[in-house]
Amino acid sequence: MEGRVRRIGILTGGGDCAGLNAVIRAVVKSAIGKYGLEVWGIENGFRGLVKREIRPLTPSDVSGILPRGGTILGTTNRDDPFHFPLLEEGRLIYKDMSDVAVENFRKYKLDVLIVVGGDGSLKIALDFWRKKNMPVIGIPKTIDNDLDATDVTFGFDTAVLTATEALDKLHTTAESHHRVMILEVMGRYAGWIALVAGIAGGADIILIPEIPFDLEKVCEKIEQRKREGKRFSLVMVAEGAREKGKDLVIQKVVEGSPDPIRLGGIGKYIADRIEKMIELETRVTVLGHLQRGGSPTPMDRLLATRFGVKAVELAVEGRFGEMVCIRGGEISSVPIEMAVGRLKLVPPDCELINVARAIGISFGD
């Protein structure tokens, strides 16, 4: 199969995260420098494949982007070619534009499409591979670290650093004012960011989706600390955490979005309840998109670079329909279908949970 690929297309889809530019750089530099291939960038995710927003990428285009956050190609999480939004006579409708995307893929004489994305983008890539016979290769990215079949995704380490630094700063304010400080972080339905940053940042209570919490238990932990002379507490809460027997706290529902349920507000909900139950001043900080932005950590730069180089290797070898992954520290690959459709959640009895409990962190259960 070696030698069949001459022109590679690459797009970044879904939410942005630190390390996207690093992976684009690695694909361009290794494809051109090692194999003499061409690389074409598709702008704004799969939308660019429908709208012909496609341009060649050269080593000059990726010079200096390694430490930059975001993506030089742009991204979107709303333009699935199989369910593409269009305005007709002032009305929003959805059409299957996948054949148009395939036609453009062929028009630009692309031999393979490298899709850098999370669960949603990789599902679309899998549809193109299975239904349209378009050669694709996946590269996993998400700050949530919830993609199955890979030990970790790039973007996660940078998000954890941001959350840890925020908790460090809240610590001094909480201690000075004798308050409960709540930090709400992203992660959707997985608690990896909250768990890892919570341990690293010295949280007293960590609330994650995988372990429904009891507010009385949360308050008991805060009261216990007061009896020990600690007149403040730090609470790390994942946006998808929920109280036992209660529904998720939802910010709003976005019609037409691939993920219509927009989480958010659990931090304020908990703060209001704490103040009523134990009359202790409580404040909330919601990190939001701060976790996605900024310069990637060295770990994310390295992982993204390794992923990019491996993706080009897979392309040259004709190993389409696979996703790059890391397992046990080694870069390898798996069929894309092994990575999508099932979230990688925090096992309630995993080593990190046990470590946290051993040092006195409460999970509100």
*Before rounding to the nearest 500, sum -39500 (n - 2.57) across all DSSP H runs of length at least 4 in the chain and divide by the residue total; then give [θ] at 222 nm in deg cm²/dmol.*
-11500 deg cm²/dmol
*Within 10 Å, count the other beta carbons around each residue, average over each peptide in 159-172, 272-285, and list them highest first.*
159-172, 272-285
_Cα centroid separation - the stretch 291-365 against the stretch 223-237, whole Å_ = 33
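Pairs LYS95/LYS132; LYS252/LYS344; LYS252/LYS276; LYS169/LYS276; LYS244/LYS276: which are spaced more than 21 Å apart, C-alpha to C-alpha?
LYS252/LYS344; LYS252/LYS276; LYS169/LYS276
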*Helix 298-316: angle to the longest alpha-carbon principal axis of the chain, degrees 0 to 90, nearest 10?*
30
*Of the beta bridges DSSP finds with both residues in the chain, what % are antiparallel, to the nearest 5?*
35
_Let me check the size of the stretch 17-78 from its C-alpha atoms; what are the radius of gyration and Dmax in Å?_
11.6, 35
_Within 12 Å, Cβ to Cβ, of ILE199, how many net charges do the neighbouring residues add up to if Lys/Arg are +1 and Asp/Glu are -1?_
-1
_Largest-first principal axis extents of the Cα set of the chain (Å)_ = 70, 48, 33
*How would you rank SER60, SER332, SER30, going from fewest to most other Cβ atoms within 10 Å of each one's own Cβ?*
SER60, SER332, SER30
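DSSP beta bridges in the stretch 157-291, what fraction antiparallel, as a percent rounded to 5?
15
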*Tilt relative to the chain, helix 266-278 - C-alpha long axis, 0 to 90 degrees, to 10*: 0
_Order these by the 10 Å Cβ neighbour count, fewest first: PHE46, PHE213._
PHE213, PHE46
*Hey, got the Cα dimensions of the stretch 157-291 along the principal axes, in Å, largest first?*
50, 33, 21
*What percent does the relative contact order of the chain come to when contacts are Cα pairs within less than 8 Å and at least six residues apart?*
23
*Report the relative contact order of the stretch 1-122, percent, no decimals, based on alpha-carbon pairs under 8 angstrom and at least 6 residues apart.*
35
*asked:* On C-alpha positions alone, give me the angle between the axis of helix 20-35 and the longest principal axis of the chain, in degrees, nearest 10.
replied: 30
*Multiply the residue gap between ASP61 and MET277 by 0.36 nm, knock off their C-alpha separation, and tell me the result in nm, one decimal place.*
72.1 nm
*In what sequence do CYS350, CYS17, CYS219 fall when counting other Cβ within 10 Å, fewest first?*
CYS350, CYS219, CYS17
*Mean projected area in nm² (Cα convex hull; one quarter of hull surface) for the stretch 237-365*: 12.1
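With the alpha-carbon atoms as the only input, what is the per residue convex hull volume for the stretch 50-151 in Å³? Please report the intermediate quantities before stating the final value.
Numbers: hull volume 15.0 nm³, N = 102.
That works out to 147 Å³ per residue.
Since every read-out is calculated from the coordinates, none of them should be taken as a lab result. The shown structure was predicted, so the numbers you read here are calculated from the model rather than taken from an experiment. Using ideal geometry, Cβ is built from the backbone for each residue, glycine included, and neighbour counts are taken over all protein chains shown.
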